[in-house]
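Novice: This is the structure I have questions about; it appears just below.
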Amino acid sequence: MCTFPLFTRVTPAYFVQLFTLPVADDMRPSSVFHATARTTSRYAARGFTLIEVMIVVAIVAILAAVAIPSYRDYILRGQLVDAATLLSTFRGNMERYFQDNRTYAATGAFNPPCSAAIPVAQRTQGNFVVSCVPTATPDRSYLLVATGTGATVGFVYTVDQQDNRVTTSVGASWPTPVPNTCWVMKKGQAC
């Protein structure tokens, strides 16, 4: 019966001695033992086996498959905040404009904050551009629309003079909330 001692320093020569059949010393050529020990130690000093490398690659692939989509959603949520900030700022500006002019429409030389006469650079924050959609009564109502570009393409948010917030459309992999009475900032968020 072959037993393996637990607290012995294991070397390639030890395995050769352990698994070699007992032969009389005069019958064993001296070169056999040394050649086997040399061959075993040469393989042991090379590094990792193919199986070990494949296991590590599989573990890294599994971690990447979980982490990369989560990281992308995290970055996207950070960019969607720009739409909420932009719409809230422009809504406040529209209300200030109404207090000064008693209308949301252009009066004389004064243009409302979301007018097409305002350069796009002043109506942009991050990946979103705000614009006004014409309404039936432009002097009493407005509809601000924040449209996503770049990484946030497909996301469109709106707000009106009564602070009704709507997510008009979301990215390809995001579900549209039902009822749609809020700004969706997280995947799967309900209103």
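The values are calculated or read from the model by the stated rules, or taken from the named source; none is laboratory data. Remember, predicted model here, so these are calculated numbers, not experimental data. For neighbour counting, all protein chains shown are included, and Cβ atoms are generated from backbone atoms with ideal geometry for every residue, glycine included.
Novice: I'm told Thr49 meets every condition in (1) modelled with pLDDT of 90 or more; (2) surrounded by fewer than 17 Cβ atoms within 10 Å (Cβ to Cβ); (3) under 20 Å from the mean Cα position of the chain (by Cα) except one. Can you identify the failing condition by its number?
Specialist: Tallying (1) modelled with pLDDT of 90 or more; (2) surrounded by fewer than 17 Cβ atoms within 10 Å (Cβ to Cβ); (3) under 20 Å from the mean Cα position of the chain (by Cα), Thr49 fails exactly one: (3).
Novice: Provide a single number: the residues in region 123-161 that are more than 29 Å from the chain's Cα centre (by Cα) and either crowded, with 20+ Cβ neighbours inside 10 Å or not hydroxyl-bearing (Ser, Thr, Tyr) (or both). Steps first, please.
Specialist: So the first thing to find is which residues in region 123-161 are more than 29 Å from the chain's Cα centre (by Cα), and the list is 132-143, 160-161.
Narrowing further to those that are either crowded, with 20+ Cβ neighbours inside 10 Å or not hydroxyl-bearing (Ser, Thr, Tyr) (or both): 132-134, 136, 138-140, 142-143, 160-161.
Within region 123-161, residues that are more than 29 Å from the chain's Cα centre (by Cα) and either crowded, with 20+ Cβ neighbours inside 10 Å or not hydroxyl-bearing (Ser, Thr, Tyr) (or both) number 11.
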